[in-house]
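> Next up is a structure, given as structure tokens.
The values are calculated or read from the model by the stated rules, or taken from the named source; none is laboratory data. The model shown is predicted, which means the values in this text are computed figures rather than measured ones. Quick reminder, even Gly has a Cβ in these numbers, built from the backbone with ideal geometry, and neighbours come from all protein chains shown. Calculation scope for accessible area: heavy atoms of the full protein, side chains included, ligands and nucleic acids excluded. Shrake-Rupley method; radii C 1.70, N 1.55, O 1.52, S 1.80 Å.
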Amino acid sequence: MRYPYEKEITLPNAVPIYLVNANQLQNFQDHKAWIQASAFRADPGTYCLIPGDDGIGKVLVGRPEAIDTWTLGALPAMLPPHSYALADDWSPEEATKLCLGWRLGQYRFDRYRQNQSQPLAQLMVPAPVDAAYVDAATTAVYLVRDLVNTPAGDMGPDHLEDAVTTVAKTFQAELQIFRGEDLLSENYPMIHGVGRASDEAPRLLDLRWGDPDHPKVTLVGKGVCFDSGGLNIKNAAGMRLMKKDMGGAANTLGLAQMIMAMKLPVRLRLLIPAVENSIAGNATHPLDVLPSRKGLTVEIGNTDAEGRLVLADALWEGCREDPGLIVDFATLTGAARVALGTELPACFCSDEEVGTGLIQAGLAVDDPLWQLPLHQPYRSMLESKVADLSNIGNSSYGGSITAALFLQEFVKPAIPWVHIDLMAWNLRSLPGRPEGGEAMGIRAVYELIRRRFT
Ligand code: BES
Ligand code: ZN
Ligand code: ZN
């Protein structure tokens, strides 16, 4: 794993960074002519380098009304590669946000480039920063991005298993794996049914960590390493980005790593069904009927609605131990993206208090989610004429809700459950969030767990 500070070049003196609004520009009268010549008006999102005696003397950065995680996120990619330091006094919360945004803005995916990337601008960690949190969150987000960005040819179920094994070893977690035919004997028929046409065997990765007496938290991540659609094959445009269909798994692995690095007092379980939704003679056909771990039979109305199938078997297993909270992450539906766009994940919560808590936690850490309803009247759209349930709704509307209702069939009603339907990919670059694979919702869920169980 590559850390953001590996390429640090340290100058004897860090260049101070001042966050200023238009009024505060008057404090820099000495540089008035330069600032005017640079047309710097302290608008948020802009900056101005001020020359010093032997290089850059200071940096002025336009100050937004409210400081958030992204305030400095664009700077590492824009400033010359020196060491910088925050000039003003910041509260621990603000300093932590500023520092984290900077770190997240230093990410680059250069695994496949021959030319080494240029060194990056570095920010000295100011005293009040929660450095452990910044390190844990940065490492987690980098892991998620690396896993999602890696092409499917190099990130099949074998590689995803390797990634989980590495994390398990780092934190001395237990890891159990059910592969291939074992999925049938151990009763995970839908994970097998989705993944059996791939050259790399489908599998369930089952990680456990922490004191068994602590409250149980279970994470479930959709690990579809490539989603061709199966026999209901996707068209070229729809298939192009489908290396990211293990983004749910990547996000849960990053979140698990964060929880373990911060030693949250929970008994953690991570369940990742890792499969490739491929096409071969033994692939599941449209209108096949699969049994499920729970026992319900499922008619496959569309082989491209595969994520809910692998999640259903994993969720039902997760419920067996009656955890205090179960959270799944999945790149589950295009419909959720139609509803909310690509940058705002949808969340569905079976427990009102948990739902409110999650929304508030997300706002507090600049990792927002938007709640959609588990609208029970739509449940009838999942009825099948031959099986207990169909894997698709019989309407072209409300697709993210019917997908969530399908999952809900496989969650015990008494267990507080959160389902997150996310993009896991930035279609455009924003400060601290480069185009490509992205962690979405993990800092929010981390904060929810911290508030609820510590
Ligand atoms: N992985 C896709 C969903 C997806 C597509 C998420 C694009 C983000 C961006 C999922 O497996 C899928 O194909 N869902 C279908 C469901 C449909 C067949 C009921 C969809 O959303 O079209
Ligand atoms: Zn699909
Ligand atoms: Zn999928």
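> Multiply the residue separation of residue 38 and residue 14 by 0.36 nm, subtract the distance between their alpha-carbon atoms, and state the gained length in nm to one decimal.
6.4 nm
> Nearest 10 degrees is fine. How inclined is helix 157-170 to the longest principal axis of the chain, computing both from alpha carbons?
That helix lies at roughly 60 degrees to the long axis.
> From the phi of every residue in segment 255-263, what ³J(HN,Hα) in whole Hz does the Karplus formula 6.51 cos²θ - 1.76 cosθ + 1.60 yield, where θ is phi - 60° and glycine or proline is x?
Karplus-based 3J(HN,Hα) across segment 255-263 equals 5, 4, 4, 5, 4, 6, 4, 8, 6 Hz.
> Straight-line reach from residue 385: which aspartates and glutamates have Cα under 12 Å away, leaving out those fewer than 8 places along the same chain?
Correct list for residue 385: 299.
> Using the Karplus curve 6.51 cos²θ - 1.76 cosθ + 1.60 with θ = phi - 60°, work out ³J(HN,Hα) for each residue of segment 370-376 in order, rounded to whole Hz, and write x for Gly and Pro.
10, 7, 10, x, 7, 6, 4
> Per the helix-only calculation at 222 nm, which mean residue ellipticity applies to the chain, given -39500 (n - 2.57) for every DSSP H run of n ≥ 4 and division by its residues, nearest 500 deg cm²/dmol? Don't jump to the answer; show the numbers that get you there.
On the way: 14 runs with 142 residues, N = 454.
Computed ellipticity for the chain at 222 nm equals -9000 deg cm²/dmol.
> To the nearest 20 Debye, how big is the dipole of segment 134-453 about its Cα centre, given +1 on the beta carbon of each Lys and Arg and -1 on that of each Asp and Glu?
Computed about the Cα centre, the dipole is about 460 debye.
> Going by amide H atoms built from the backbone, whose H comes under 5 Å of the H on residue 229, apart from near neighbours?
234
> Under a cut-off of 28 Å between alpha-carbon atoms, report the lysines in cross-link reach of residue 216, not counting same-chain residues fewer than 8 places apart.
Within reach: 169, 263, 294, 412.
> Then there's this: With θ set to phi - 60°, apply the Karplus curve 6.51 cos²θ - 1.76 cosθ + 1.60 along segment 197-204 and write out the HN-Hα couplings as whole Hz, x wherever there is a Gly or Pro.
8, 8, 5, 9, 4, x, 7, 10
> Rounded, prolate or oblate: which fits segment 94-179 when a ≥ b ≥ c are the square roots of the eigenvalues of the alpha-carbon gyration tensor, with rounded for a/c under 1.5 and prolate only if a/b beats b/c?
Oblate, since a/c reaches 1.5 and b/c is not below a/b.
> Compute the acute angle (0 to 90°) between the alpha-carbon long axis of helix 399-408 and the principal axis of greatest extent of the alpha-carbon atoms of the chain; round to the nearest 10°.
For 399-408 against the chain, the angle is about 60 degrees.
> Could you sort 103, 196, 111 by their accessible area in this structure, using a 1.4 Å probe and putting the largest first? Present the calculation step by step, with values, prior to reporting the outcome.
Values: 103 30, 196 70, 111 135 Å².
Heavy-atom accessible area, descending, gives 111, 196, 103.
> Oh, and also: I need the calculated FRET efficiency for the pair residue 184 and residue 236, taking r as the beta carbon distance and R₀ as 35 Å, to the nearest 0.05.
Efficiency for this residue pair is about 0.55.
> Continuing with this model, one more query. Among 178-186, 141-149, 31-39, how do they line up from the highest to the lowest mean number of other beta-carbon atoms within 10 Å?
Averaged packing, sorted descending, gives the order 141-149, 178-186, 31-39.
> Give the shape of segment 134-453 as rounded, prolate or oblate, defined through the alpha-carbon gyration tensor: a ≥ b ≥ c are the square roots of its eigenvalues, a/c under 1.5 means rounded, and otherwise the shape is prolate if a/b is larger than b/c and oblate if not.
Cα axes put segment 134-453 in the rounded bin.
> Also, quick follow-up: Angle check, please: helix 92-105 long axis (alpha carbons) against the longest principal axis of the chain (alpha carbons), in degrees 0 to 90, nearest 10.
Approximately 70 degrees, to the nearest 10.
> Suppose accessible area is computed on protein heavy atoms with a 1.4 Å probe; arrange 378, 112, 397, 188 from highest to lowest.
These residues rank, largest area first, as 397, 112, 378, 188.
> If I model a spin label at residue 165 and residue 89 as a point 7 Å from the Cα along the Cα→Cβ vector, what separation in nanometres do I get?
Simple spin-label model gives 5.3 nm for this pair.
> Going by accessible area, probe 1.4 Å, with all protein chains left in place, what is the ranking of 258, 78, largest first? Don't jump to the answer; show the numbers that get you there.
Values: 258 0, 78 90 Å².
The ordering from most to least exposed comes out as 78, 258.
> Which whole-angstrom value gives the distance between the alpha carbon centres of segment 320-351 and segment 372-417?
13 Å
> Cut-off under 19 Å on the C-alpha distance; same-chain residues fewer than 8 positions from residue 97 excluded. Which aspartates and glutamates are left, in chain and number order?
65, 68, 88, 89, 130, 135, 366, 367, 438, 447
> Name the residues whose placed amide hydrogens come within less than 5 Å of the amide hydrogen of residue 430, ignoring near sequence neighbours (fewer than 5 apart) on the same chain.
Residues meeting the criterion, in which the H sits 1.01 Å from N, are 435.
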